[in-house]
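Right, one structure below, let's go through it.
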Amino acid sequence: MTPNSPVVAVFGASQTPADHPNWDAAVRCGAGLAEAGFAVATGGYGGTMEAVSRGAAEAGGHVIGYTAPEVFSGRIGANEFVAEEVPAATLTERIHVMLARADGAIALDGSIGTLAELLIAWNVAFVAQFSDETAKPVIAVGERWRRIVADLTDDLATDGSLVTCVADVDAAVAAVSGALGNF
């Protein structure tokens, strides 16, 4: 795996403890992506971001951490599994820079920050059609995201097919691998 490998951005909770089942799933997600030949991009800090980074790094993958030191002054540097740190000035810049480099995105369980990341990834996929670009795959893991995507699709009359909702991280890795094909 090299820094030139296709990149999958993975979003998730920043406060997930190592003894939580979501931690193990995130480690498995990172490892699965690295084993499939992808570099992995996360927010670079703790919780799910660290778990994904750990799984990817331990599987031989390249890990990119998009941090926001001016926003999170109490967080000193990226987690220990990040090989390449990319600092951003704001949260929105952080998300947009990560998505610009990524070839696809996966949203794991999380809270409002993860929701914002999922919505921005979905919106970027939506507006790709206006630039004659191909929408990058957006994968959402879990029942919560499935419900939110379905509700927003109905309420906003938007294209819900731009977000593939799956039950678990193994299905997410398979979905993004299938969508991105051979590279």
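The values are calculated or read from the model by the stated rules, or taken from the named source; none is laboratory data. Remember, predicted model here, so these are calculated numbers, not experimental data. Cβ sites come from the backbone with ideal geometry, for glycine too, and all protein chains shown count toward neighbours.
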Exercise for the section: Considering (1) under 27 Å from G181 (Cβ atoms); (2) of a type in the set (G, A, S); (3) surrounded by fewer than 20 Cβ atoms within 10 Å (Cβ to Cβ); (4) free of Cβ contacts under 8 Å to residues at least 40 places away in the same chain, say which one S73 fails and leave the rest. Expected result: (1)
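Residues to consider are G55, G32, G44; find the one that is in a loop (DSSP other than H, G, I, E, B) and surrounded by 19 or more Cβ atoms within 10 Å (Cβ to Cβ). Show your work before the answer.
Numbers: G55 fails: in a loop (DSSP other than H, G, I, E, B); G32 fails: in a loop (DSSP other than H, G, I, E, B).
It is G44.
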Problem - Residue that is nearest to H96 (Cα to Cα), among those in the stretch 58-70 that are touching a residue at least 40 places away in the same chain (Cβ under 8 Å) and outside any strand (DSSP E or B) - result: H62
Handout entry: Criterion (among the small types (G, A, S), buried (at least 23 other Cβ atoms within 10 Å of the Cβ) and over 26 Å from G178 (Cα atoms)) met by exactly one of A78, A9, A88
Key = A78
Practice task
Could you list, in sequence order, all residues of the stretch 18-34 that are out of contact with any strand residue (DSSP E or B) (no Cβ under 7 Å at 6 or more places or on another chain) and in contact (Cβ under 8 Å) with a residue 12 or more places away in the chain?
Solution key: A18, N22, W23, D24, A25, A26, V27, R28, A31, G32
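Considering only residues of the stretch 164-183 that are touching a residue at least 40 places away in the same chain (Cβ under 8 Å) and closer than 23 Å to N123 by Cβ, which is surrounded by the fewest Cβ atoms within 10 Å (Cβ to Cβ)?
Applying the filter and picking the extreme gives A179.
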Problem - Residue check for A116: within 12 Å of the chain's Cα centre (by Cα) and of a type in the set (A, V, I, L, M, F, W, C) - result: yes
Completion exercise
If we ask which residues in the stretch 126-143 are crowded, with 16+ Cβ neighbours inside 10 Å and within 30 Å of P21 (Cα to Cα), their number turns out to be 7
Fill in the blank from the handout: T114 vs (1) over 17 Å from A9 (Cβ atoms); (2) modelled with pLDDT of 95 or more: all pass except (1)
